[in-house]
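Reading through the structure tokens given below for one structure.
FYI, it's all coordinate maths here, none of it is from the lab. All figures in this text were calculated on a predicted structure; none of them were measured in a lab. Note that we place each Cβ from the backbone using ideal geometry, even for glycine, and neighbour counts take in every protein chain shown.
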Amino acid sequence: MTATPAKAPEPATSPAPGPAPTSPTAKAPHGHRRLLTRRDRVTLGLMAGVPTILHVALVWLTALASIALAFTTWDGIGFDSITWVGLQNFRELFTSNPQFWPAVEHNVIWFVVLILLPTPFGLFLAVQLDKKIRFSRVYQTAFFLPVVMSLAVIGFVWQLIYNPDTGLINSLIGANKPGHYIDWIGDPDLNLWAILIAASWRHAGYMMILYLAGLKSVDPALREASALDGASEWQTFKNVVFPTLRPTNTVVLVVTIIEALRAFDLVFVFNKGAQGTELLSILVTNNIIGESSRIGYGSAIAVVLLVISLAVIIPYLIATFRKERRA
């Protein structure tokens, strides 16, 4: 028998490059399991949806409705009584309403007083508290307390202070005797300034917190370099610290304008906007829910107030967005 030659072993073939072929029976890897159950999704939907619906219904829809009603007359009784009058409400407002321009003047005075008195005082308080003096937390709480209080409560407190008979001010100056009364609320020459003092008392604490937050963001190295150059404390603040507070100053300006435009609570609590304390917000309220119930006319005043507010807010938002894009 002839022996058959032994076959040489075949060389092992290496697998072709690329992903390994998947077996048709192999299962695909599982994805991430859902972390939220159906109950969680419903809960989150309600938490996000209900406030959104309320915001749209109570803010956006009412604002749009006010804009539309500004061109109509409506006494609030039945939708069939709405009558389109075009610009008649605005013409009457600008030409024949004896309270409109005094109200505009009072809003301007409100802004000027807030920007000239409590705003610098709030900056002064913030600078002093930024020095980390003793009991600084106590002082911050004391000055910020009026900000967290309701404006209606502040109005009632200052009513007690201005009371002609038992008020603190008249008692201190001896004007609480018959024939010597000073009517701080009823006198048209005094009541607006008396209310502005109460508003400034609250506004100073608000400005203090805003400026204190801005001062905390100032780089300490800038102050140290200024001190090494021999600058005094005032020179350091004027030439180094205050220029870095430019973003804070912009926020303060916008907030103060908005506060001046939305002023309502204090005046309404004091004397309901009568006898020399007329404001645009008071005129809106008196025309919409007052005895005359001129909803279209009151909406026209509200539109004027809205336009003034947007004229301030829109440039601020544009500047803020541009700054964010550059950053």
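Only one of the values [x] 87, 63, 39; [y] 151, 75, 36; [z] 87, 57, 31 was calculated from this structure for Cα extents along the principal axes in Å; name its label. After the calculation, the listed value that fits is [y]. Across the chain, the mean sequence separation of Cα contacts (distance under 8 Å, 6 or more residues apart), normalised by length, yields a relative contact order of 25 percent.
Once the C-beta distance of residue 225 and residue 251 is scaled by a Förster radius of 25 Å, the resulting FRET efficiency is 0.40 to the nearest 0.05.
Here the Karplus curve 6.51 cos²θ - 1.76 cosθ + 1.60, taken at θ = phi - 60°, turns the phi angles of region 238-252 into couplings of 5, 9, 10, 6, 4, x, 6, 8, 4, x, 5, 4, 5, 4, 4 Hz, with x standing for Gly and Pro. In this simple spin-label approximation, residue 38 and residue 109 carry label points 7 Å from Cα along the Cα→Cβ vector, and these lie 6.5 nm apart.
Do the sum for the chain: with -39,500 (n - 2.57) for every DSSP H run of n ≥ 4, divided by all residues, what is the mean residue ellipticity at 222 nm, to the nearest 500 deg cm²/dmol? Write down the numbers at each step before the final one.
Details: 15 runs with 199 residues, N = 327.
Mean residue ellipticity, 222 nm, calculated: -19500 deg cm²/dmol.
Phi angles across region 113-120 convert, under the Karplus curve 6.51 cos²θ - 1.76 cosθ + 1.60 with θ = phi - 60°, into 3J(HN,Hα) values of 5, 5, 7, 9, 10, x, 5, x Hz, Gly and Pro given as x.
Over region 142-205, the ratio between the Cα radius of gyration and 2.2 N^0.38 Å evaluates to 1.18.
Of the lysine pairs in the chain, how many meet both conditions: Cα atoms under 26 Å apart, and a spacing of 8 or more in sequence or different chains? Final tally of qualifying lysine pairs is 7.
Between residue 48 and residue 190, what length comes free when the chain is fully extended (0.36 nm per residue of separation minus the Cα-Cα distance, one decimal in nm)? Kindly include the intermediate steps, with their values, before the conclusion.
Values: separation 142, 0.36 × 142 = 51.12 nm, distance 4.80 nm.
That works out to 46.3 nm of additional length.
Positive-end ranking of 45, 67, 300 along the dipole of the chain, with charges on Cβ about the Cα centre, is headed by 45.
Return the FRET efficiency for the residue pair residue 68, residue 137: r is the Cβ-Cβ distance, R0 is 56 Å, and the value is rounded to the nearest 0.05. Numbers along the way, then the final one.
On the way: r = 50 Å, r/R0 = 0.89.
With a Förster radius of 56 Å, E is 0.65.
What does the highest-first list of 164-177, 258-271 look like by mean Cβ count within 10 Å?
Numbers: 164-177: 13.6, 258-271: 19.2.
So the order, starting with the most tightly packed, is 258-271, 164-177.
Considering all C-alpha pairs of region 99-274, those separated by over 22 Å amount to 54%. Between residue 61 and residue 166, the distance separating the two model label sites (each 7 Å from Cα on the Cα→Cβ line) works out to 4.7 nm.
Starting from the amide H of residue 72, placed 1.01 Å from N in the peptide plane, find each other amide H under 5 Å away whose residue is 5 or more places distant or on another chain. Result for residue 72 returns 85. Please work out the C-alpha center-to-center distance from region 87-115 to region 241-289 and express it in whole Å. What the calculation gives is 13 Å, centre to centre. Computed from Cα positions, the angle between helix 38-55 and the longest principal axis of the chain comes to roughly 30 degrees.
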